[in-house]
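*Asks:* Take a look at this one; I'll ask things after.
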Amino acid sequence: MRIVGLTGGIACGKSAVSTAAASWGLRVIDMDEIARRVVCPGLPAYTDIVAAFGDGALLPSGELNRTEVGRIAFSDREKRRALNAATHRPMLMQLLAELAAALFGGEAAVLIDAPLLFETSLHWLCCTTLVVAATQLERLRARDGFSAEEAEKRIAAQMPLAEKCARADAVIDNEGTRDELAARAATILDAAGAIAGQTP
Ligand SMILES: CC(C)(COP(=O)(O)OP(=O)(O)OC[C@H]1O[C@@H](n2cnc3c(N)ncnc32)[C@H](O)[C@@H]1O)[C@@H](O)C(=O)NCCC(=O)NCCS
Ligand SMILES: Nc1ncnc2c1ncn2[C@@H]1O[C@H](COP(=O)(O)OP(=O)(O)OP(=O)(O)O)[C@@H](O)[C@H]1O
């Protein structure tokens with residue numbers, strides 16, 4: 001089974017690529033979605049986050065207040081370390097379970113959409129690594145309504161985009177339109193042996 005790792009800076013367009021790839025029949029494992037699942041109330045990561053962030057990081061329902069956890073974690077390196085320590089191991093376990101299910105289900109290829117692919121060494125699992133690159137700041141601010149300062153903190157919390165591009169096997173440029181992005185992604189995923197003959 002070919003495992004393709006997709007990363008990029010925050011708001012560079014990973015979701016846009018993985019949504020297109022899923023529409024071409026490629027199995028996508030979304031690490032942001034896994035991160036949401038491992039913090040359900042009662043799970044170990046939830047308990048660890050509440051211990052580190054306090055009850056102020058909870059909604060009245062008892063679920064994590066993701067906006068508040070993000071606000072704190074991206075302003076305080078130690079809190080971010082605590083969040084990563086709580087979540088990354090259970091996320092890896094879930095990823096391995098999903099890879100095993102794909103393998104035994106006969107999938108020829110899977111795409112792992114992982115913002116922290118290199119930071120958390122998930123690239124070791126991958127046959128090919130791809131980075132989506134774009135000028136992030138304005139897209140991030142427009143999507144999430146962050147101030148310039150908030151957006152810059154989030155960008156600074158990740159490996160610099162230039163370093164990700166240097167480490168990847170291929171870079172998918174996303175400075176153009178969404179259609180151009182889809183066309184570039186199709187060419188690169190095809191070359192990586194992930195979507196042979198399945199694009200429109
Ligand atoms: C901080 C949290 C609560 C914010 O949740 P929210 O729903 O607002 O955002 P979402 O999860 O969709 O993340 C948005 C983007 O933020 C960036 N990001 C998220 N966590 C981190 C992190 N620990 N370090 C650097 N960037 C991160 C990624 O680019 C991600 O795509 C959440 O991202 C989280 O629990 N993060 C820790 C788990 C993790 O490392 N996730 C990244 C997947 S590899
Ligand atoms: N080519 C494009 N032109 C204009 N806007 C775009 C383009 N590609 C993506 N966007 C927009 O930029 C924002 C970020 O894209 P997307 O959510 O796919 O990024 P991401 O890398 O998945 O982000 P995250 O790291 O937060 O998961 C979204 O609002 C998306 O609609």
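Values in this text are rule-based calculations from the coordinates and carry no lab data. Keep in mind that what you see is a predicted model, and the values were worked out from it rather than measured. Cβ coordinates were reconstructed from backbone atoms using ideal geometry, including for glycine residues, and neighbour counts include every protein chain displayed.
*Asks:* Normalise the Debye intensity by I(0) for the stretch 22-176, one equal point scatterer per Cα, no solvent, then take log10 at q = 0.11, 0.16, 0.17, 0.21 Å⁻¹ and round to two decimals.
*Replies:* -0.51, -1.07, -1.18, -1.47
*Asks:* As an exercise, use a Förster radius of 25 Å and the Cβ-Cβ distance of S121 and R37 to find the FRET efficiency, rounded to the nearest 0.05.
*Replies:* 0.75
*Asks:* With only Lys, Arg, Asp and Glu charged, each at its Cβ (+1 for the first two, -1 for the last two), find how big the charge dipole of the stretch 72-118 is about the Cα centre; round to the nearest 20 debye.
*Replies:* 320 debye
*Asks:* Pick out, in residue order, every one of the GluC sites (Glu not before Pro) in the stretch 55-116 that is DSSP loop and has at most 16 other C-beta atoms within 10 Å; say none if there are none.
*Replies:* Those that pass, being in a loop and sparsely packed, are E63, E107.
*Asks:* Sort 13-26, 33-46 by the packing proxy (mean of other Cβ within 10 Å over each peptide's residues), most packed first.
*Replies:* 13-26, 33-46
*Asks:* Charges on Cβ only, +1 for Lys and Arg, -1 for Asp and Glu, centred on the Cα centroid of the chain; of L26, A194, N84, which one is farthest towards the dipole's positive end?
*Replies:* Value computed over the given set: N84.
*Asks:* Given the -39500 (n - 2.57) contribution per DSSP H run of 4+ residues, what per-residue ellipticity at 222 nm results for the chain, rounded to the nearest 500 deg cm²/dmol?
*Replies:* So the helix-based figure for the chain works out to -15500 deg cm²/dmol.
*Asks:* Now for a different question. Taking 7 Å along the Cα-to-C-beta vector as the label spot, tell me the A100-S75 distance in nanometres, rounded to one decimal.
*Replies:* 4.1 nm
*Asks:* Further question on the same structure: Can you tell me which lysines have their Cα less than 17 Å from the Cα of K153? Leave out same-chain residues fewer than eight positions away.
*Replies:* The qualifying lysines are K79.
*Asks:* Looking at the stretch 90-200, I'd like the Rg to Rh ratio, where Rg is from alpha-carbon atoms and Rh is Kirkwood's inverse mean 1/r.
*Replies:* 0.99
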